[in-house]
1. In straight Cα distance, which lysines are under 24 Å from residue 242, not counting same-chain residues fewer than 8 positions off?
2. If each residue's Cβ is checked for other Cβ atoms within 10 Å, how do 213, 272 rank with the fewest at the top?
3. Please report the spacing between the Cα centers of segment 131-150 and segment 295-335 in Å, no decimals.
4. By how many nm would the segment from residue 328 to residue 307 lengthen if fully extended, with 0.36 nm per residue of separation less the alpha-carbon distance?
5. If eta is 0.890 mPa s and T is 25 °C, what Stokes-Einstein diffusion coefficient results for segment 140-261, Kirkwood Rh from Cα pairs, in µm²/s?
6. Could you list 327, 251, 277 so that the one with the fewest beta carbons within 10 Å of its beta carbon is first and the one with the most is last?
7. Relative to the first principal axis of the alpha-carbon coordinates of the chain, what is the inclination of helix 82-95, with its axis defined by its Cα atoms, in degrees from 0 to 90 and to the nearest 10?
8. Give me, ordered by chain and number, the residues 5 or more places off residue 100 or on other chains with an amide H under 5 Å from its own placed amide H.
Amino acid sequence: MDFFKKMDVTKNQPNDASVEGKDAEHVKCLIIGSGPAGYTAAIYAARANLKPVMVQGMQAGGQLTTTTEVENFPGYPEGTDGTALMEDLKKQAERFGTEIRWGTVTKVDFTGPVHKVIVDDSKLFTADAVIIATGATAKYLGIPSEEKYRGGGVSACATCDGFFYRGKDVAVVGGGDTACEEATYLAGLCNKVYLIVRKDFLRASKAMQQRVFNTKNIEVLFEHQTKELFGDGVVEGARLIKKQGTSDEKEVAIKIDGFFLAIGHTPNSEVFKPFLETDETGYIVTKPGSTHTNVKGVFACGDVQDHVYRQAITAAGTGCMAALDTERYLAELHS
């Protein structure tokens, strides 16, 4: 089967006359998104003289700008601040000629050889090649104290932040493979790990369940839901509701220093779905071993196409791949 297959693209064509009537700005390489994947793609594309233009998106710098300390990104032996790391990558991209614009992509049309991208419902770009690096957004429970303690004990990435909780007590929310994986990872660092599970069973694979049950410092709290977090400036504990909605319902409190969300991520791919192939959860599907999507000249990198690793360094690696794939594509296109 041809990977670059045709898809139904009638749902999202940019047919607003007020937009289509405007003069389009044509670029050779348009990068959508500004996290580690986007900035790395920009560095490589700019050095290859592709004159990339980047549309930053709603969260300039991506998820890392919500992280206080980053200690596992190569080249920073003393660690760095997430926002500072993104600023360094941005400066490096600009140094080689990347033009960075504010704005959010609101509509695309990938039906023709020249791709159309509309920003903020008003600015029309046409591009020979598009690199999508829009990332994914961690799912949160939606309780007010999550936001209050974000960066002060609340995290959506155990691999990123677990190191800061060595020898402490933490909690992980979720019942799937990711939650079990993060709980066992944290168990190797922390004194105790509570796994807070809403249902009376784990959704994880049998192998992952066995790992959890065989790890002595993990305590699974079945049929518990988080009511709120508390603490003086940072997380010091959580109030949970056990068996909510039943006659046995009661409130319990646990003392913790860290609260990790492991209930999934939402890839930021919605605007591209009418044109690009995605999996059942919305991650953009790329050709194995590359960043090619099913549309020629459109590439995807970083967390918007990676539901396995979701690390800054792996995102940066696929950003490099996307720029190299784009360079080769444009060379063939204009040969």
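1. Candidates past the 8-residue exclusion: 139, 148, 168, 192, 199, 216, 227, 250, 255.
2. 213, 272
3. If we compute the Cα centre of each part, the gap is 24 Å.
4. My answer for the length gained is 5.0 nm.
5. 173 µm²/s
6. Ordered by Cβ neighbours within 10 Å, fewest first: 251, 277, 327.
7. Relative to the chain, helix 82-95 is tipped by roughly 10 degrees.
8. HN-HN under 5 Å from residue 100: 54.
Laboratory data are not the source of any read-out in this text; all were calculated from the coordinates shown. Nothing here was measured: the structure is a model prediction, and the numbers come from that model. Glycine gets a Cβ as well: all are built from the backbone with ideal geometry, and neighbour counts include every protein chain shown.
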